[in-house]
1. Are any residues in the range 3-32 open to solvent by less than 50 Å² (accessible area, probe 1.4 Å) and out of contact with any Lys or Arg (no Cβ under 8 Å at 6 or more places or on another chain), and if so, which ones?
2. Please go through the range 9-56 and pick out each residue that is acidic (Asp, Glu), closer than 13 Å to Gln70 by Cβ and either outside any loop (DSSP other than H, G, I, E, B) or in contact (Cβ under 8 Å) with a residue 40 or more places away in the chain (or both).
3. On the given criteria, is Lys77 modelled with pLDDT of 95 or more, under 11 Å from the mean Cα position of the chain (by Cα) and basic (Lys, Arg)?
4. Say we look at the range 33-86 and pick out the residues that are among the hydrophobic types (A, V, I, L, M, F, W, C) and open to solvent by 50 Å² or more (accessible area, probe 1.4 Å); which of these is farthest from Ile11 (Cα to Cα)?
Amino acid sequence: MSKYEKLLIQILKGDSDSNVSFDELCNLVKKLGFEERIKGSHHVFRKQGVIEKINLQCGGSKAKTYQVRQVRDIILKYNLGGSFDA
């Protein structure tokens, strides 16, 4: 199982939202097909067919807990996790 798949499963389970690396979360969102635009410390991700935008703000090495939840909600809403959806 790849590092990407392990992170996706970790996020979908929701067991440790406060223990996700900011860089890994950004890479996961890009692997899911989102395009990234960076303005200052904000990393904004958009994807065709997804109404919501994902706005992640770097505030250290770990992603903010509420941002991990937002990413999980979008993955589940649009079925972006493939066979890993809970």
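1. Kept after step one, since they are open to solvent by less than 50 Å² (accessible area, probe 1.4 Å), are these residues of the range 3-32: 7-9, 11-12, 14, 16-17, 20-22, 25-26, 28-29, 32.
Hits for the range 3-32 are Leu7, Leu8, Ile9, Ser16, Leu25, Cys26, Leu28, Val29.
2. Going through the range 9-56, the residues acidic (Asp, Glu) turn out to be 15, 17, 23-24, 35-36, 52.
From what is left, the residues that are closer than 13 Å to Gln70 by Cβ are 17, 52.
Answer for the range 9-56, where residues must be acidic (Asp, Glu), closer than 13 Å to Gln70 by Cβ and either outside any loop (DSSP other than H, G, I, E, B) or in contact (Cβ under 8 Å) with a residue 40 or more places away in the chain (or both): just Asp17.
3. Details: modelled with pLDDT of 95 or more: yes; under 11 Å from the mean Cα position of the chain (by Cα): no; basic (Lys, Arg): yes.
No: the conditions fail for Lys77.
4. Keep residues of the range 33-86 that are among the hydrophobic types (A, V, I, L, M, F, W, C), which gives 34, 38, 44-45, 50-51, 54, 56, 58, 63, 68, 71, 74-76, 80, 84, 86.
Subsequent filtering for residues that are open to solvent by 50 Å² or more (accessible area, probe 1.4 Å) retains 38, 51, 58, 76, 84, 86.
Values: Ile38: 23, Ile51: 21, Cys58: 18, Leu76: 11, Phe84: 10, Ala86: 10 Å.
Going through the qualifying residues, I end up with Ile38.
The values are calculated or read from the model by the stated rules, or taken from the named source; none is laboratory data. A quick note: this is a predicted structure, and the numbers were derived from the prediction, not measured. Note that we place each Cβ from the backbone using ideal geometry, even for glycine, and neighbour counts take in every protein chain shown. The accessibility values were calculated without ligands, DNA or RNA, using every heavy atom of the protein model including side chains. Shrake-Rupley method; radii C 1.70, N 1.55, O 1.52, S 1.80 Å.
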